Amino acid sequence: MSVSTPSGGNITIESGANPSPKELQSASYYTEQGLNVKFLNPDNTPNVRTPDILVDGIGNVDLYHPTNTTSVEAIIRAIKKKGSQTPTVHVELPADTAISDAEAQHIPARVFGGIGGSGIQRIIITKSCQLIVDRER
């Protein structure tokens, strides 16, 4: 299934993929820039984790919507765990998060400079689909 968006980017959903409303909202960050997004069918093989989306010009991206939005440490730990899944992690913070934009801007440096998460090459953090930080290793 393919859906055109007003800004020019398209969203394609592979057969078997079932994006949540939050994932569709995060995808709009890319389509608003005119980029195409494909939601990938998850691999159900045990111990095999697949990225959520493929974005033109970026590659495989895992979408992460933290439930604990008061702890920067919890977000950092969760990002590091995604290192074997995909090189790019997109963190979508809710509008009511207790984490300030300034705190969020330091998250990539803490992931890249710490132990673990070596597979993570890029971190994109948005709040209500507005960019806070986009950093590459």
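For the stretch 87-137, the set of residues classified as among the hydrophobic types (A, V, I, L, M, F, W, C), part of a loop (DSSP other than H, G, I, E, B) and buried (at least 18 other Cβ atoms within 10 Å of the Cβ) consists of 99, 120, listed by residue number. For beta carbons closer than 6 Å, sequence separation of 6+ or different chains, a first residue in the stretch 51-75 that is closer than 19 Å to residue 127 by Cα and in contact (Cβ under 8 Å) with a residue 60 or more places away in the chain and a second that is of a type in the set (S, T, N, Q) and buried (at least 18 other Cβ atoms within 10 Å of the Cβ), the qualifying pairs are 61/88.
Looking only at the stretch 15-32, filter to residues that are surrounded by 15 or more Cβ atoms within 10 Å (Cβ to Cβ) and over 12 Å from the mean Cα position of the chain (by Cα); which one of those is farthest from residue 93 (Cα to Cα)? This residue is 17. Every condition in (1) part of a loop (DSSP other than H, G, I, E, B); (2) surrounded by fewer than 17 Cβ atoms within 10 Å (Cβ to Cβ) holds for residue 51 except the one numbered (2).
Bear in mind these aren't lab numbers, they're just calculated from the coordinates by the rules spelled out. All values reported here derive from a predicted model rather than from experimental measurement. No Cβ is skipped: glycine too gets one built from the backbone with ideal geometry, and neighbour counts run over all protein chains shown.
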